[in-house]
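Asks: Pasting in a structure now, in structure tokens, and then I'll have a few things to ask.
Taken together, the values in this text are just the output of simple stated rules run on the coordinates, not laboratory data. Quick caveat: nothing in here was measured; it's all calculated off a predicted structure. Here the Cβ positions follow ideal geometry from the backbone for every residue, glycine too, while neighbour counts run over all protein chains shown.
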Amino acid sequence: MASLIETLPSLDRPPLYTPIDSLPPELLDDVFSLFPTPALLPLAAVNRLFHDVIARLLYRRLRHAVASHTHELILECYHPSAKISTPYLHCAYMGTDGLDQATDGMDDVPGSTLLRLPDMYSRFRPLPYDDRDAHVRNYRAIRRTMNFFMYSEASAGTPGTSAITAAKHRDHKGAAEDDSPPLVSYDVYLDESELFSQLCTVTNLVKTGPRRGLFLTCANINHGVIRVWRDWLSRRNDARTGEQRGKGKGRARVDLADPKQDAVLWAYTGKHVGMRFRVTETTAQSETAAPVLGVASDDLPVSYQLEYEELVVRTYEYLLAFEEAEKQEITHASTTILFASL
């Protein structure tokens, strides 16, 4: 996609007028609306008129996709050993940087949409489990069976390292830090000399059905692995401690396009899907009080709590998944009509 963006005509060049430039933009808009988004990007390099019409159309598509109430983003985030015992999470839309600014005139002049597209991300908040969901009750039954036959919850990397709500974790520590809704959290245990843990992430865009838990379509956005390194956990825990001692609750917005920014862990090098965690060390004092003979202090067993602050998704990939879900719905509707006619 980046190579396509680089081929777009520069706005600094003198315009070259052709017979195509005499076409009304409304006519081109009607024609281009029939094209899928991947087919539109190469056409934006034809001339300035095509660029402006396609940029305006793409901007409308992006806003429609992220604002749709019929589609929902679901996240599966689990340790490899807990795949069959971890239910998926519903995600609430929080906003898109660079897209939710119509008051600045961006809706009238969306020409820079194509240039910002590679660095445009949408933010979502994973929501705690709802006991009304049948899949949550089924996964919990599987977890109880696995914990009975396999491991205890105190061992590292076992099915016992599960996602819980931050509210439950704070019950034995005192009151919560604020009145905001509880965050979903995950407990990470690193054994002696263990450098990292792994989290498998699967992100799907689904169209909700008439009944809770029933999906009419499902389009995959990402299926990757996040490595949570020991030194990264230590850095993020120290950074959060410094924020609490300094500026308090205020946190600056993370620049996701900055390659030096490590507040977000990406599922793979493409940086299409990532997770922003709030890290809190939960290692017991007895485990760190006396160092083990012959073992460096940095290699001692540690435990952290990862609170899911944000799920960030590249907005272009979200739009492609939205169009794929719409395509699936049309295909399913056609199949239903065909069988009904037979």
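Asks: Only counting other Cβ atoms within 10 Å, I'd like Met94, Met120 sorted with the fewest neighbours first. Walk me through the numbers before you get to the answer.
Replies: Working: Met94 14, Met120 20.
With the fewest neighbours first, Met94, Met120 line up as Met94, Met120.
Asks: Let me ask something additional. Could you check the simple spin-label distance between Asp231 and Cys218, using points 7 Å along Cα→Cβ, in nm with one decimal?
Replies: 3.9 nm
Asks: Could you give the nm distance between label points at Thr269 and His69, where each point is 7 Å from its Cα heading toward the beta carbon?
Replies: 4.3 nm
Asks: Would you mind calculating the gained length between Arg116 and Glu192 on full extension (0.36 nm times residue separation, minus the Cα-Cα distance), in nm to one decimal?
Replies: Roughly 22.9 nm would be gained on extension.
Asks: Rounded to whole Hz and in sequence order, give me ³J(HN,Hα) for the range 38-47 from the Karplus expression 6.51 cos²θ - 1.76 cosθ + 1.60, θ = phi - 60°, writing x for Gly and Pro.
Replies: Those phi angles translate into x, 7, 7, 4, x, 5, 5, 8, 5, 7 Hz.
Asks: Then there's this: What is the distance, in nm, between label points placed 7 Å from the Cα along the Cα-to-Cβ direction at Lys83 and at Glu329?
Replies: Between Lys83 and Glu329, the simple spin-label model gives 3.1 nm.
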